[in-house]
1. Are there any pairs, at least 6 apart or on different chains, whose C-beta atoms fall under 8 Å, with the first in segment 117-134 and assigned to a helix (DSSP H, G or I) and the second polar (S, T, N, Q) and open to solvent by 40 Å² or more (accessible area, probe 1.4 Å), and if so, which?
2. Do we find that Thr113 is open to solvent by 10 Å² or more (accessible area, probe 1.4 Å), of a type in the set (Ser, Thr, Tyr) and modelled with pLDDT of 85 or more in this structure?
3. Which is touching a Leu at 6+ places or on another chain (Cβ under 9 Å) and farther than 30 Å from Val103 by Cα, of Glu326, Glu339, Glu314, Glu321?
4. State all residues of segment 81-106 that are modelled with pLDDT of 90 or more and either at positive phi or open to solvent by 10 Å² or more (accessible area, probe 1.4 Å) (or both); if no residue qualifies, say none.
5. Just for segment 316-349: of the residues that are under 16 Å from Thr285 (Cβ atoms), of a type outside the set (A, V, I, L, M, F, W, C) and touching a residue at least 40 places away in the same chain (Cβ under 8 Å), which one is most open to solvent (accessible area, probe 1.4 Å)?
6. Enumerate the helices (runs of 4 or more DSSP H) found wholly within segment 310-364, keeping only those where 2 or more residues are over 30 Å from the mean Cα position of the chain (by Cα) and among the basic types (Lys, Arg).
7. Just wondering, is there one or more residues in segment 249-272 that are open to solvent by 10 Å² or more (accessible area, probe 1.4 Å), more than 18 Å from the chain's Cα centre (by Cα) and within 22 Å of Ile128 (Cα to Cα)?
8. Please determine, by comparing only the residues of segment 279-309 that are open to solvent by less than 30 Å² (accessible area, probe 1.4 Å) and in a loop (DSSP other than H, G, I, E, B), which one is nearest to Pro47 (Cα to Cα).
Amino acid sequence: MALTAGIVGLPNVGKSTLFNAITKSQVEAANYPFATIDPNVGVVEVPDSRLQTLTEYYVPKKTVPTTFEFTDIAGIVKGASKGEGLGNKFLANIREVDAIIHVVRCFEDGNITHVSGKVDPADDIETINLELILSDLETVNKRYEKAVKMAKSKDHDAVVEANALAKVKEVLEAGKSARTISFTEEEQPFIDRMFLLTTKPILYVANVNEDDAATGNDYVEIVRGIASEEDAEVVIVSAQIEEELASLDDEDREMFMEDLGMEESGLDRLIQRAYSLLGLETYFTAGVQEVRAWTFKKGMKAPQAAGVIHSDFEKGFIRAETLSYEDLLTYGSEKAAKEAGRYRSEGKDYVVQDGDILLFRFNV
C-alpha cells in the first residue's frame with residue numbers, strides 16, 4: 001500500500017532523532033532550524049507478533065513482514081503559510097502525505113535550543129496547526145468564490161460544493177482544523193479533491209526525556225488535552241532512547257527496556273498507531289515456502305486485497321480460501337479448522353478481515 005505518514009514539528013523537537021530510530025538510518029540531526037531540508041523517506045517493518053506465531057507453525061523458508069512508510073519533513077516555523085523559513089516547500093511536502101505525525105517537545109534540555117525560547121507544548125501545537133489552517137483557508141477561499149458563483153445557477157453539484165466549502169471556511173476561520181467536521185456522502189468527494197492539510201488524520205507524539213519514557217509528565221498531559229478536542233491519539237516516545245534501542249541487538253534491547261520499565265518500545269506503539277490511523281490492516285499468506293504479511297485498506301473486498309500482491313490476482317480472481325488467525329490458534333491446525341467448518345471459500349464480495357490467512361485462486 002503506497003500510503004505514508006509525514007513527521008512534522010517545530011525545529012529541534014526531536015523529529016530527525018525519531019526518524020533515525022525509526023529507520024535505523026542516520027539523517028542529519030543538528031541543533032539548529034532547517035537541519036532537514038528535503039524530506040527523508042524511510043520504510044519500516046510493522047511489528048506483529050502473529051507473524052512469529054505463523055512462522056513457528058508453518059516453518060517456512062522465509063518470513064516477510066509488511067512495511068509502512070514514514071517521511072521526515074523539515075521543521076515548520078511561524079509564517080510558513082506566508083513562505084517564512086522554508087514554508088512553501090514544507091507545506092507542499094505535508095500535502096503529499098496521507099497522515100500527520102506531529103512531534104511535540106515535552107522535555108527540558110538547556111543544551112538543545114527551543115525555537116521560541118521555552119518549552120510550551122500548547123504553543124508549539126498552536127503554531128503548527130495555525131500555519132496549516134491558514135494554508136487551507138487560502139485554498140478554500142479561492143475555490144469558495146467560484147463555487148458560490150456556480151451555485152447561483154442552481155447547478156446541484158455546485159450547490160453541494162458551496163455548502164461543503166462554507167462549512168470548512170467557518171471552522172477554519174474559527175481557528176479549528178477541518179478534520180473536526182462531518183461531511184455528507186455527497187459533500188465528501190468535493191472535500192477530498194481539495195487535498196486540505198487539516199483534513200489529514202493526525203497522531204501526536206509526545207517526545208520526553210529518558211526518565212519520563214514509561215510514565216509521561218505534565219507536558220504530556222497538556223498534549224493529551226489538546227488531542228482529545230480533535231479526537232486524536234497521543235503516543236509517548238523518548239526519541240533519544242529509541243535511537244539507542246535501534247542500535248542494540250534483540251537481547252540487549254530487551255534488557256535495556258526492562259531496566260527502563262518499558263513493556264514495549266515507543267516506536268513499536270508509534271508504528272502500530274500510525275498504521276491504524278490510516279485504516280490499514282494485515283492479512284497473511286502462509287506455507288512452507290513463505291509466511292508473509294500484506295497491508296490492505298480496511299473494508300477491501302477479496303479481489304482488491306488480492307491485487308495488493310499482483311494486479312493479475314485481482315483481474316483473474318476466482319475465490320479466496322480463508323482461515324482466520326484466531327481459528328488457526330483455536331483449532332491448532334488447518335486440518336482441524338477445516339473439520340470444524342472454519343476453513344472457508346469466499347467469493348468476490350467477501351470483505352477481508354484483519355488477521356485472515358488467505359490463499360487466492362485466480363486465472364489469467
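The values are calculated or read from the model by the stated rules, or taken from the named source; none is laboratory data. Keep in mind that what you see is a predicted model, and the values were worked out from it rather than measured. Reconstructed Cβ throughout: ideal geometry from the backbone, glycine too, with neighbour counts over all protein chains shown. For accessibility, only protein heavy atoms count, side chains too; no ligands or nucleic acids. Shrake-Rupley method; radii C 1.70, N 1.55, O 1.52, S 1.80 Å.
1. Asp123/Ser116; Asp124/Ser116; Thr127/Ser116
2. It is false that Thr113 is open to solvent by 10 Å² or more (accessible area, probe 1.4 Å), of a type in the set (Ser, Thr, Tyr) and modelled with pLDDT of 85 or more.
3. Glu321
4. Asp98
5. Result: Arg319.
6. 334-339
7. Checked segment 249-272: no residue is open to solvent by 10 Å² or more (accessible area, probe 1.4 Å), more than 18 Å from the chain's Cα centre (by Cα) and within 22 Å of Ile128 (Cα to Cα).
8. Only one residue tops the list, namely Gly279.
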